[in-house]
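One structure below.
The values are calculated or read from the model by the stated rules, or taken from the named source; none is laboratory data. Note that the coordinates shown come from a computational prediction; the quantities given were computed from them, not determined experimentally. Cβ atoms come from the backbone with ideal geometry, glycine included; neighbour counts cover every protein chain shown. We work out accessible area using only protein heavy atoms, side chains counted, and drop any ligands, DNA or RNA first. Shrake-Rupley method; radii C 1.70, N 1.55, O 1.52, S 1.80 Å.
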Protein chains: 2
Amino acid sequence: MIYRIALDAMGGDDAPQVIIDGAKAAIEKYDDIEITLVGKEAVLSPLKDSHERLKLRYAEDTIEMCDQPVAAVRRKKDASMVVAMNMVRNKEAEAVITAGSTGAMIAGATLIIRRIEGVERPALAPVLPTLARGALLIDCGANVECRPSHLRQFGIMGSIYMENVMGIENPRVGLINNGTEDSKGTDLVKEAHALLKETNINYIGNMESREIMLGGCDVAVTDGFTGNIMMKFAEGMGKAIFSMLKKELMGSFISKIGAMLSKSAFKNMKKRMDYKEYGGALLLGVNGVAVKAHGNSDVRALVNAIGQARTAIAGDIVNKISRKIEEYYCE
Amino acid sequence: MIYRIALDAMGGDDAPQVIIDGAKAAIEKYDDIEITLVGKEAVLSPLKDSHERLKLRYAEDTIEMCDQPVAAVRRKKDASMVVAMNMVRNKEAEAVITAGSTGAMIAGATLIIRRIEGVERPALAPVLPTLARGALLIDCGANVECRPSHLRQFGIMGSIYMENVMGIENPRVGLINNGTEDSKGTDLVKEAHALLKETNINYIGNMESREIMLGGCDVAVTDGFTGNIMMKFAEGMGKAIFSMLKKELMGSFISKIGAMLSKSAFKNMKKRMDYKEYGGALLLGVNGVAVKAHGNSDVRALVNAIGQARTAIAGDIVNKISRKIEEYYCE
């Protein structure tokens, strides 16, 4: 089977060049994928017939970061992101990837690819690097206001993702809370805790956020507001720590020498902490694989996002979510 | 003027020894404070008359971590934490410090020391280490469910704290949100944003959480649920990064040598990131200075918490909050 991936060539800080280079590299790396680059003819036409598994689809409009997401998706019918999403809707591709506006990606996937029947709210789910094998944070920003039943579905969808895309058996699903006791948390979290307990996923209960990075769970469930703030806080904190460390290391001649000798260790460390290694964030709960790559993705990050889309298609994630949600939806 | 501090000798992982040692060290460091250790007679009586500025107050009960906070504070009239708080209520001390249960500390301070008139909700506010001069996170867990007016007061109280205790002129107050635009956030945050705009503090608007550690604000305002989760996430992330780095550095002979040479840089770095350097978290909004020291505080952390209480008393923080809140309360 060939996995067909629609790739928005115009989205992202370094589009279209990085996207094109990423597509080329991924085609070489994986011989079971076909990529359709979607973007302006003037940009893409030189690539015509460059590779039998690299297709082109012209779309002359683009969605900008400043566009209002829902309005842009509705109005800009010929925007590259919209056209790429329509390919999934029309079964011309199994997956869509964009490094463009997150808001537009969520709006577009929800409006065009549509929700899986029974899914109340699609959720954006990146994998965070941890001391262990990585943890899925769901939701990290698609749903700023949530209901308890949404969090239950996030737990179910996250569990399916970690099992089928990341290959983790019986993933441990925790609910992020300000304490582990049943009595802890907002009303939202208390009710979600009760609902998650009744599912047949491996729900390990309320979890303090300090446990996530230490490897305490495989799926960390939270509302999109809290998740977004956690994820961005982690981003800033990682940056701050490396910046402080660099300054300290450059502070004396001896430690400078030390830093030079330890260079490879720092490099490995940075790589381990780098989101680019983890591809992008899937929007789980829509009728296709939809991947949001980081806005400033480089070629490596793009290739990883494409690999992630490929694994998600191969893992049949959409059907698996659909079947599992049906169990609860038809209660 | 002598600043009088009541110190709960029985609270904390390594109480009473660490608390006693911390009190002794602080008395030596600051010649303008008087500390009253509050705890069991059997524990404290050997210290009798050991220093003219070290007083003792016997209290034979203790509040345990497993106690239900409000019930424990109400029932255990002779618990060390309760007796220490009553000293502030009865004007026998200006400040109380405990390394015991956070829940009991918040309940006790609210019930015994009582709120400043006009303050809707006291808030727990630790200083986070950042690339710049540190940022106050308010609230980090006293109020799991908040109203917009609470967040407005958190901003006001936080601003007063950073100005009068940390010596930062015209502190920049940001509201943690999932984006900077006015339209972003939950209803709570949107309304709080509108309210904060109308204050005369230096409100810089909605702020993404990644900016906090990079020095983007002096006060980061959020509800107690989000704040608690951010703070604990940071704790776990710091631990995880240092643990990963250690493992990487020990991975090869060369990088091990490098790490040895850079030892002092790592030490400085750890110190910079260490909450123990920052003392404890103040519960702002009660009629006295109330400091929660970290449960596993060592002597250094205790001395810093005592120093922080001293600066808060000297900065007349309670009266300053009271006057400022009155401005808004009497609108």
Of all residues making up region A:87-134, the number that are touching a Cys at 6+ places or on another chain (Cβ under 7 Å) and at pLDDT below 95: 1
Selection within region B:220-246 - in contact with a strand residue (DSSP E or B) (Cβ under 8 Å, 6 or more places away or on another chain), facing chain A (nearest Cβ under 7 Å), farther than 15 Å from A:Glu235 by Cβ and of a type in the set (A, V, I, L, M): B:Ile229
Failed criterion for A:Thr180 (all others in (1) more than 9 Å from chain B (Cβ to nearest Cβ); (2) out of contact with any strand residue (DSSP E or B) (no Cβ under 7 Å at 6 or more places or on another chain) hold): (2)
Leading residue by the ranking (nearest to A:Ala95 (Cα to Cα)) among those in region A:275-293 that are open to solvent by 20 Å² or more (accessible area, probe 1.4 Å) and in contact with an Asp or Glu (Cβ under 9 Å, 6 or more places away or on another chain): A:Asn287
Filter result for B:Val165 (open to solvent by less than 40 Å² (accessible area, probe 1.4 Å), at pLDDT below 95, under 19 Å from the mean Cα position of the chain (by Cα) and more than 14 Å from chain A (Cβ to nearest Cβ)): yes
Residue in region A:30-40 that is in contact with a strand residue (DSSP E or B) (Cβ under 6 Å, 6 or more places away or on another chain), closer than 25 Å to A:Ser101 by Cα and not in a strand (DSSP E or B) present: no
Qualifying positions in region B:112-157 - among the polar types (S, T, N, Q) and within 30 Å of B:Arg75 (Cα to Cα): B:Asn143
Flag for B:Glu181 being charged (D, E, K, R) and either touching a residue at least 40 places away in the same chain (Cβ under 8 Å) or within 28 Å of A:Gly238 (Cα to Cα) (or both): yes
Cβ-Cβ under 6 Å pairs, at least 6 apart or on other chains, region B:27-47 side more than 20 Å from B:Glu92 (Cβ to Cβ), far side open to solvent by 10 Å² or more (accessible area, probe 1.4 Å) and at pLDDT 95 or above: B:Val43/B:Pro16
Residue check, A:Ile168 touching a residue at least 40 places away in the same chain (Cβ under 8 Å) and in a loop (DSSP other than H, G, I, E, B): yes
Matching residues, region A:37-88, being among the acidic types (Asp, Glu) and more than 24 Å from the chain's Cα centre (by Cα): A:Glu41, A:Asp49, A:Glu52, A:Glu60, A:Asp61, A:Asp78
Filter pass, B:Leu151 being aliphatic (A, V, I, L, M) and in contact with an Asp or Glu (Cβ under 8 Å, 6 or more places away or on another chain): yes
Verdict on A:Val189 being out of contact with any Ser or Thr (no Cβ under 9 Å at 6 or more places or on another chain), open to solvent by less than 50 Å² (accessible area, probe 1.4 Å) and either of a type in the set (Val, Ile, Thr) or in contact (Cβ under 8 Å) with a residue 60 or more places away in the chain (or both): no
Residue in region B:206-219 that is outside any loop (DSSP other than H, G, I, E, B), open to solvent by 40 Å² or more (accessible area, probe 1.4 Å), without any contact (Cβ under 8 Å) to a residue 60 or more places away in the chain and more than 7 Å from chain A (Cβ to nearest Cβ) present: no
Members of region A:226-243 that are open to solvent by 10 Å² or more (accessible area, probe 1.4 Å) and closer than 23 Å to A:Val173 by Cβ: A:Asn228, A:Met231, A:Lys232, A:Ala234
Those residues of region B:12-23 which are in contact with a Gly (Cβ under 8 Å, 6 or more places away or on another chain) and modelled with pLDDT of 95 or more, in sequence order: B:Pro16, B:Val18, B:Ile19
Residues located in region A:191-205, provided they are in a strand (DSSP E or B) and either within 13 Å of another protein chain (Cβ to nearest Cβ) or of a type outside the set (Val, Ile, Thr) (or both): A:Tyr203, A:Gly205
Condition check for A:Gly108: under 13 Å from A:Leu283 (Cα atoms) and surrounded by fewer than 21 Cβ atoms within 10 Å (Cβ to Cβ): no
Candidate set: region B:247-259, residues that are over 28 Å from A:Ala135 (Cα atoms) and more than 7 Å from chain A (Cβ to nearest Cβ); chosen: the one least open to solvent (accessible area, probe 1.4 Å): B:Lys256
Residue in region B:266-274 that is away from every other protein chain (no Cβ under 14 Å), open to solvent by 10 Å² or more (accessible area, probe 1.4 Å) and either among the hydrophobic types (A, V, I, L, M, F, W, C) or within 25 Å of B:Met1 (Cβ to Cβ) (or both) present: no
Failed criterion for A:Asp298 (all others in (1) within 23 Å of A:Ile212 (Cβ to Cβ); (2) more than 7 Å from chain B (Cβ to nearest Cβ) hold): (1)
Filter result (surrounded by fewer than 22 Cβ atoms within 10 Å (Cβ to Cβ) and assigned to a helix (DSSP H, G or I)) within region B:138-162: B:Pro148, B:Ser149
Matching entry among B:Gly285, B:Gly227, B:Gly279 (being within 30 Å of B:Leu37 (Cβ to Cβ), at pLDDT 90 or above and not aliphatic (A, V, I, L, M)): B:Gly285
A:Gly22 buried (at least 17 other Cβ atoms within 10 Å of the Cβ), at positive phi and not aromatic (Phe, Trp, Tyr): no
